[in-house]
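**Student:** After the structure tokens below, expect a handful of questions from me.
The values are calculated or read from the model by the stated rules, or taken from the named source; none is laboratory data. These numbers come from a predicted model, not from an experiment. So basically every Cβ, Gly included, is an ideal-geometry build from the backbone, and we count neighbours across all protein chains shown.
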Amino acid sequence: MGGEESKPVYRPPSPVYRPPSPVYRPPSPEFVTVLADKQVKEGEDVTLRCETNTRDVTVTWKKKDQKLCCVEGKHRTVKSDTTIYLEIKKADLGDEGNYTVTIQNSSGSASFSAMIIVEINEWRTVQWKPDPMISALKAFKISNPDVRELRFLLHGPVGAGKSSIVNTIKTIFEGHQFINCLTATDVTGESFTTKFEKYNVGNVPFTFYDVMGLEKDQLKGVHTDDIISAFKGHVPSNYEFKPHDPIDEDNKHYILNPTLNDKIHCLVSVIPADKISRMDDEVIQKMRNIRAEGSKLGIPQVVFMTRVDKACTITERDLTKLYKSKKIKEKMTECSNKLGVTMNCIFPVKNYHEETKPNEQLNCLMLEAFTQIVHSADDFLKRNSNQQKTVE
Ligand SMILES: Nc1nc2c(ncn2[C@@H]2O[C@H](COP(=O)(O)OP(=O)(O)OP(=O)(O)O)[C@@H](O)[C@H]2O)c(=O)[nH]1
Ligand SMILES: [Mg+2]
């Protein structure tokens, strides 16, 4: 002892080499399962769900390319481990649309979209059994014994499906695919039907006149005056229309004193559901003028809205959903506004166009519409026969 205690000398810890800690990079986000399209009844809840490969993602939802604005009690977005879902309570028409989910982290991002289609409550019922309607039509007797057949005139824009309606009705009544009434292809812009052609339907007393399509230029397509002359009964069958020269008294084919047998008993305006929004204003105006002339003569008028399968995916998949489709109702409303026709005079139909086998639902839709025009045409005859008797 006795020696001076040596003080511990502070020695800083010798630096130990530590490699820089690696920056954590999550796996690049991917979908393990994706969103599926959903079809939901109005008022029901619907959920869009998917699964990711990692929980390290942030999630964003878009509706129709806009950030989804979540409403309390209506939307719930959930991320639970690797499951992501969007719940929508009590779906209404406003919820229909395309939804996109995006998952993102520092390694990348991925997106996926799906459609929610909201079926509205069925607002018109259809009799989905063709036989009673066919039997009733086959047994139908015209109220005026002097009139041989009910005559319907189809008019509408080029490529609307006028000739296809005749083909479809003949197919239903004649029991085999009828393709003699020439139809245009979708690509031609000009009318394929150039004559005032008469088509009888099987052994029933119903006749269709299929005319050239209306075009926007007065000198192209069938002339409005020709259609008006046709429904007054002045145009003979098979008359070749001349767009620049409508028929008049000086024409040797002109029927000077038409009887009820020469007149048109019901005017059917044909509008393609998938093209109505793009229809030219001039063509619409021509149709409105024709309808106004028809009204002056008291001719019943209805609209057949064709190509419903092209306008709506639900309907394309299942024709019996037609009156549950918001899209079809919108198209009918548009048609009603553009032509000035009430909704109860508009009949959405689908024509035979690529099917080679009979389609019962297609037949039923057409038969309902057809039954309606048969009764309207016969009512016109009753009214006109009464008038004739009153005059006598
Ligand atoms: N998908 C679908 N196609 C249809 C329907 N109706 C008609 N088409 C098609 O639409 C095109 C035009 O039909 P048309 O019957 O020739 O039309 P149009 O009104 O007689 O035409 P024009 O005589 O030229 O004025 C054809 O390719 C038809 O096959 C339908 O309900 N659904
Ligand atoms: Mg045609």
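**Student:** Give me a count of the residues in the stretch 98-121 that are under 26 Å from the mean Cα position of the chain (by Cα) and surrounded by fewer than 14 Cβ atoms within 10 Å (Cβ to Cβ).
**Tutor:** Within the stretch 98-121, the subset under 26 Å from the mean Cα position of the chain (by Cα) is 98-100, 113-121.
From what is left, the residues that are surrounded by fewer than 14 Cβ atoms within 10 Å (Cβ to Cβ) are 98, 121.
The qualifying residues number 2.
**Student:** Hey, another quick one. Could you say whether any residue in the stretch 29-37 is in contact (Cβ under 8 Å) with a residue 24 or more places away in the chain and among the polar types (S, T, N, Q)? Walk me through it before giving the result.
**Tutor:** Going residue by residue through the stretch 29-37, those that are in contact (Cβ under 8 Å) with a residue 24 or more places away in the chain are 29-32, 34-37.
The next check asks that each one be among the polar types (S, T, N, Q); those that pass are none.
Scanning the stretch 29-37, I find no residue that is in contact (Cβ under 8 Å) with a residue 24 or more places away in the chain and among the polar types (S, T, N, Q), so the answer is no.
**Student:** I would also like to ask the following. Just checking, which of L86, L154 is more than 16 Å from ligand 1 (Cβ to nearest atom), touching a residue at least 12 places away in the same chain (Cβ under 8 Å) and crowded, with 21+ Cβ neighbours inside 10 Å? Please lay out each step first, then the result.
**Tutor:** Details: L154 fails: more than 16 Å from ligand 1 (Cβ to nearest atom).
Only one candidate passes the filter, namely L86.
**Student:** Quick one: E368 ticks every box in (1) at pLDDT below 95; (2) more than 18 Å from A160 (Cα to Cα); (3) surrounded by 17 or more Cβ atoms within 10 Å (Cβ to Cβ) bar one, so which box is it?
**Tutor:** Condition not satisfied by E368: (1).
**Student:** Can you say whether I84 is over 31 Å from the mean Cα position of the chain (by Cα) and either aliphatic (A, V, I, L, M) or under 18 Å from V118 (Cα atoms) (or both), as far as the supplied structure shows?
**Tutor:** On the way: over 31 Å from the mean Cα position of the chain (by Cα): yes; either aliphatic (A, V, I, L, M) or under 18 Å from V118 (Cα atoms) (or both): yes.
So I84 fits the description; yes.
**Student:** I'm checking my understanding of the structure. Among residues of the stretch 23-52 that are buried (at least 16 other Cβ atoms within 10 Å of the Cβ) and not in a strand (DSSP E or B), which one is modelled with the lowest pLDDT?
**Tutor:** The extreme case among them is E42.
**Student:** Right, next: I need a count of the residues in the stretch 71-80 that are of a type in the set (G, A, S) and either in a strand (DSSP E or B) or buried (at least 16 other Cβ atoms within 10 Å of the Cβ) (or both).
**Tutor:** 1
**Student:** Could I ask something else about it? Of all residues in the stretch 262-276, which are assigned to a strand (DSSP E or B) and not small (G, A, S)? Even if it seems obvious, please write down each step before you answer.
**Tutor:** In the first step, residues of the stretch 262-276 are kept if they are assigned to a strand (DSSP E or B); the result is 266-272.
Scanning the stretch 262-276 gives C266, L267, V268, V270, I271, P272.
**Student:** Can you tell me which residue is farthest from D95 (Cα to Cα) among those in the stretch 288-307 that are assigned to a helix (DSSP H, G or I) and out of contact with any Leu (no Cβ under 6 Å at 6 or more places or on another chain)? Give the derivation first.
**Tutor:** We begin by selecting, within the stretch 288-307, every residue assigned to a helix (DSSP H, G or I); these are 288-296.
Applying the additional criterion that residues be out of contact with any Leu (no Cβ under 6 Å at 6 or more places or on another chain) yields 288-293, 295-296.
Details: R288: 35, N289: 39, I290: 39, R291: 37, A292: 39, E293: 42, S295: 41, K296: 44 Å.
Once the filter is applied, the top-ranked residue is K296.
**Student:** Need at least 3 residues that are out of contact with any Leu (no Cβ under 7 Å at 6 or more places or on another chain) and without any contact (Cβ under 8 Å) to a residue 60 or more places away in the chain per element, so show me which helices (runs of 4 or more DSSP H) inside the stretch 310-392 make the cut, counting only ones lying wholly within it.
**Tutor:** Values: elements: 313-317, 326-339, 360-391.
Counting at least 3 such residues, we get 326-339, 360-391.
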